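Asks: Below is one structure. I have some questions about it.
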Amino acid sequence: MTKLTLSRGLNEGLRKALENDPKVLIMGEDVGKLGGVFRVTDGLQKDFGEARVIDTPLAESGIVGTAIGLAMRGYRPVCEIQFDGFVYPAFDQIVSQLAKMHYRSKGTVRMPVVIRIPCGGGIGAVEHHSESPEAYFAHTAGLKVVACSNPLDAYHMIQQAIASDDPVIFFEPKRRYWEKAEFDPAAGPDPLWQARVVRPGREVTALAYGPMVKTVLDAATAAQEEGRSLEVIDLRSLSPLDMDTVLDSVRRTGHCVVVHEAPGNLGLGAELAARITEDAFYSLQAPVLRVTGFNTPYPASRTEEEYLPDLDRVLDAVDRSLAF
């Protein structure tokens, strides 16, 4: 047992995938000699060569388009999108080609492509560097979408995503890259599409993923000091959603709060609220509440802390839920 950063967990997971399968390739802007802007791929080109860890031109559409061709020839490309807001030039390749190829070919063509996207705010970045585009991809049939929140999950989930024969959009919470947590590589992975109860509780189910998991866990600790018990679930998979784990918790607590950085309008919280209401209506003692970013463009870095959901906003939603 040791402590590791989330970025290092990803690095070790990518290294393991490269070692285990010669068809795995990593490609992206500055992923090779530099090791990526967040150093997630640090040292991999040195150890595996320029033919497997490939520095690409600054052309996201070209990166994904090339990966689609490589997948058709039997490779397993892992594309890094340098920042979340840079993915949009590749949007057509992802939703029109990558997501559709398996269906269009009547199942004869697989697309084992992983697209890694550092996501969310909290690092004081400039415009286009702090987006939360997960709802676009979760809405798209043919794509799987996951989000890691800790080093051990990062290590296992990136390997599981690479091993999947379906295209996976892999979100990494950039402001959690340097936070350390317990890491035991001998601990077996959970299934990739399964949520996890990271803190049991009795009164309110709190759902989060990626960067917000730590925020909600901190809120649960604060709530406990006030005599309130929150059950915290890390969703991990955003498409498909593990509704069995979610509904089991909500049926026990009767209250649910969903927390994510992305704007609330048509976000993951809206989908979760709808499905919980449809499937667990008679267990609910209050409406499903959402704590999200605001329905505005991501603000300048000086005001981003006002935009991002924080402990106080989560606790306020808990208070409102329990007051019904």
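Asks: With Cβ to Cβ distances under 12 Å as the rule, what net charge do the other residues near residue 54 carry (K, R +1; D, E -1)?
Replies: -3
Asks: Mind running the shape call on the chain? Use the C-alpha gyration tensor, a ≥ b ≥ c as the square roots of the eigenvalues: rounded below 1.5 for a/c, prolate if a/b tops b/c, oblate otherwise.
Replies: It comes out prolate by the Cα gyration axes.
Asks: I need to check one value: relative contact order of segment 1-69, counting alpha carbon pairs closer than 8 Å and at least 6 residues apart, in percent.
Replies: After rounding, I find 28 percent.
Asks: Further, regarding this structure: Taking a ≥ b ≥ c as the square roots of the Cα gyration tensor eigenvalues, with a/c under 1.5 meaning rounded and otherwise prolate when a/b beats b/c, else oblate, which class fits segment 279-324?
Replies: prolate
Asks: Another question about this same structure. Cα centroids of segment 153-195 and segment 229-255: how far apart, whole angstrom?
Replies: That distance is 19 Å.
Asks: If you don't mind, there's one more thing I want to ask. Once neighbouring chains are kept in place and the probe is 1.4 Å, which whole percent of the accessible area of segment 106-225 is contributed by carbon and sulfur?
Replies: For segment 106-225, the apolar C and S fraction of the accessible surface comes to 52 percent.
Asks: Sticking with this one: Using θ = phi - 60° and the Karplus form 6.51 cos²θ - 1.76 cosθ + 1.60, what ³J(HN,Hα) does each residue of segment 95-110 get, whole Hz, x for Gly and Pro?
Replies: Values per residue, Gly and Pro as x: 8, 9, 10, 4, 6, 9, 4, 4, 5, 5, 8, 6, x, 7, 10, 9 Hz.
Asks: Quick one: net charge around residue 316, please, counting Lys, Arg +1 and Asp, Glu -1 for every other residue with C-beta under 13 Å from its C-beta.
Replies: 0
Asks: Return the tail of the calculated pair distribution for segment 183-324, meaning the percent of Cα-Cα pairs more than 19 Å apart.
Replies: The calculated P(r) of segment 183-324 puts 49 percent of pairs beyond 19 Å.
Asks: In segment 129-227, which GluC sites (Glu not before Pro) fall in coil by DSSP and have 11 or fewer other Cβ atoms within 10 Å?
Replies: Sites meeting the loop and neighbour criteria: 226.
Asks: Just the accessible area per residue of segment 232-283, please: how many Å² with a 1.4 Å probe?
Replies: In whole numbers, segment 232-283 has 37 Å² accessible per residue.
Asks: Then there is this: Measure out, as a whole number of angstrom, how far apart the alpha-carbon centroids of segment 285-301 and segment 35-84 sit.
Replies: The distance from the Cα centre of segment 285-301 to that of segment 35-84 comes to 33 Å.
Asks: If we count every other residue with Cβ under 12 angstrom of residue 224's Cβ, Lys/Arg +1 and Asp/Glu -1, where does the sum land?
Replies: -2
Asks: Quantify, in whole percent, the carbon and sulfur part of the accessible surface of segment 22-82 (1.4 Å probe; protein heavy atoms only).
Replies: 55 percent
The values are calculated or read from the model by the stated rules, or taken from the named source; none is laboratory data. Fair warning: this is a prediction, and the values are worked out from it, not measured in the lab. Note that we place each Cβ from the backbone using ideal geometry, even for glycine, and neighbour counts take in every protein chain shown. The protein model used for the area step is the full one, side chains on, heavy atoms only, and it has no ligands, DNA or RNA in it. Shrake-Rupley method; radii C 1.70, N 1.55, O 1.52, S 1.80 Å.
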